[in-house]
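Participant: Sharing a structure, written as structure tokens. Questions coming.
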Amino acid sequence: MLPLIRLGRVAVVAILLAGVCAASPRLASAADSAPAAATDADGGFERAQTLFRDRKFSECVTAASAFIAAHPRDARALVLRGDCKADLQDNTGALKDYNSAIAVAPEYQYAYVTRCETRLELGEAAGALADCDNAVRLDGTDGLAYEDRADVQFDLDAYDLALIDYDKAISLGRSSAYVYAARCDTERLVGKRDRAKPDCERALEIDPKSRRGLFARARLAMVETRYVDGIADLNAYIALNPKASDTAYYYRGFSYNRISKFALALEDLRTFVQLRPTDPDGYRERGIASFALGDKTGALADFDVAQRGYRRDGNTTAADRVAAMVKAIADGKAPTP
């Protein structure tokens, strides 16, 4: 089955808030409660910080590396270089720097926060959770630590625990479009749709181009069978980054199928199957669209692939549903989604 996408925050673009450039969570917190940097007579560390704030991450790595060469045990510089690497999508390199920083300063709270984010990006959920637990232990007033731990719990499908942490993060002052959108998504998943809708709206008031906000609101609309509304948000989501929208193509195709716009559904589901060739959901939905457009042979071929995929994944319930669709076709009836 399709996993719910988690939109990373490592490379969140800086937003303008009251005329002040407020960058990613890493940038906003990197200097908080950090060990003092070594004496910086030539301004090397401050230069690296400035480059990071200006989102010149490659130059930041170079400047931080020069400073670290002279001060190899400066934990704050190691973390700063790690953050620059993370924003360059070099998560492995970032993790090495965070590990080195924590070896030097094992009580450096922000180092655990930012390593938690990177471990989650690398798929190391257990390590990420341990890091966020340490960050909360070291500073129970850090909203970012709770937000990051909520992201880990979300990734682990522990949605009730994620919601507790998103609530705590917001109560401690976290107020980005991302955190409201993430809480909206979580509230939907735990059945608190009355709370989810205002959170999604709040996220998109803060940033109308928040992809997490658009995706979360689209999913909420789909659960409430407001497929046209969901399609509108998915259109906006895909337009912002077509190359990173594979799951959105699936959900938009799913929605088109539900409102009988099968040609549009087929187009999206063809795209999705190309991007995710092992996901049985795409074949199931493409089979529905193909049959509706008169391609019985193509539909049966897709249903066969879907059934085999579900059985491979141990999802016998979904496999049986597709088998029922195949039987309906054999009986001269249209398959029921």
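Participant: Test of understanding: express the Cα radius of gyration of region 258-320 as a ratio to 2.2 N^0.38 Å, with N the residue count.
Facilitator: Dividing the Cα radius of gyration by 2.2 N^0.38 Å gives 1.05.
Participant: Among 326-333, 142-149, 228-235, what's the highest-first ranking by average C-beta atoms within 10 angstrom per residue?
Facilitator: The peptides rank, most packed first, as 142-149, 228-235, 326-333.
Participant: Then there is this: Provide, for the chain, the number of lysine pairs with alpha carbons under 20 Å apart, each pair being eight or more places apart or on different chains.
Facilitator: Pairs that pass both the separation and distance tests number 10.
Participant: In debye, nearest 20, what is the charge dipole magnitude of region 29-186 about its Cα centre with +1 on Lys and Arg Cβ and -1 on Asp and Glu Cβ, if you could check?
Facilitator: Approximately 400 debye in magnitude.
Participant: Counting only C-alpha contacts under 8 Å and six or more residues apart, can you give the relative contact order of the chain as a whole percent?
Facilitator: RCO, the chain: 8 percent.
Participant: Using θ = phi - 60° and the Karplus form 6.51 cos²θ - 1.76 cosθ + 1.60, what ³J(HN,Hα) does each residue of region 273-289 get, whole Hz, x for Gly and Pro?
Facilitator: Working through the residues one at a time gives 5, 5, 7, 10, x, 9, 8, x, 4, x, 5, 4, 5, 5, x, 4, 5 Hz.
Participant: Could I ask something else about it? Using 0.36 nm times the number of residues separating THR317 and ASP331, minus their current alpha carbon distance, what extension gain do you get?
Facilitator: Gain on extension, THR317 to ASP331, equals 2.9 nm.
Participant: Measure nothing but the geometry: give the 0 to 90° angle between the long axis through the Cα atoms of 159-171 and the longest principal axis through the Cα atoms of the chain, rounded to 10°.
Facilitator: It works out to around 40 degrees.
Participant: Now for a different question. Would you compute, for the Cα atoms of region 210-306, the largest minus smallest coordinate along each principal axis and list the three values in descending order, in whole Å?
Facilitator: On the principal axes, region 210-306 reaches 40, 24, 18 Å in Cα extent.
Participant: Give me the percent of the accessible area of the chain that comes from carbon and sulfur atoms, probe 1.4 Å, all protein chains in place.
Facilitator: Its accessible area is 52 percent carbon and sulfur atoms.
Participant: Here's something else I'd like to know. Determine which residues of region 101-120 fall in the zone a paramagnetic label at LEU156 would reach in this model, i.e. backbone nitrogen under 19 Å from the point 7 Å along Cα→Cβ.
Facilitator: The answer is 112-120, whose backbone nitrogens lie closer than 19 Å to the label point.
Participant: Just to confirm the number: angle between the C-alpha axis of helix 57-70 and the first principal axis of the chain, 0 to 90 degrees, nearest 10?
Facilitator: It works out to around 40 degrees.
Participant: Hey, if you put +1 on the Cβ of every Lys and Arg and -1 on every Asp and Glu Cβ in region 73-223, which of GLN109, LEU144, PRO198 ends up farthest toward the positive end of that dipole?
Facilitator: PRO198
Participant: A further question follows. Helix-only estimate, please: 222 nm mean residue ellipticity of the chain, summing -39500 (n - 2.57) across DSSP H runs of length 4 or more and dividing by its residues, to the nearest 500.
Facilitator: When only DSSP H runs of four or more count, the value is -22000 deg cm²/dmol.
Participant: Between 0 and 90 degrees, rounded to the nearest ten: what's the tilt of helix 316-330 against the longest Cα principal axis of the chain?
Facilitator: It works out to around 30 degrees.
Participant: A further question follows. Taking the alpha-carbon set of region 91-195, what are its Rg and Dmax in Å?
Facilitator: Considering region 91-195 through its Cα atoms, Rg and Dmax are 13.7, 47 Å.
Participant: Also, quick follow-up: With the Cα gyration tensor of region 148-246 in hand, convert its eigenvalues to equivalent ellipsoid semi-axes via √(5λ) and list them largest first in whole Å.
Facilitator: Rounded to whole Å, the semi-axes are 21, 14, 13.
Participant: Compute the accessible area per residue over the chain, keeping the other protein chains in place, probe 1.4 Å, unit Å².
Facilitator: For the chain, the per-residue accessible area is 45 Å².
Participant: Is region 47-92 rounded, prolate or oblate when judged by the Cα gyration tensor, a ≥ b ≥ c being the square roots of its eigenvalues, rounded requiring a/c under 1.5 and prolate requiring a/b larger than b/c?
Facilitator: Details: a/c = 1.98, a/b = 1.32, b/c = 1.50.
Since a/c reaches 1.5 but b/c is at least a/b, the shape of region 47-92 is classed as oblate.
Participant: Candidates [x] 18.0; [y] 16.6; [z] 27.8; which is the computed mean projected area of the Cα convex hull in nm²?
Facilitator: [x]
The values are calculated or read from the model by the stated rules, or taken from the named source; none is laboratory data. All figures in this text were calculated on a predicted structure; none of them were measured in a lab. In this analysis, Cβ positions are derived from the backbone assuming ideal geometry, glycine residues included, and neighbour counts consider all displayed protein chains. Only protein heavy atoms, including side chains, enter the accessible area calculation; ligands, DNA and RNA are left aside. Shrake-Rupley method; radii C 1.70, N 1.55, O 1.52, S 1.80 Å.
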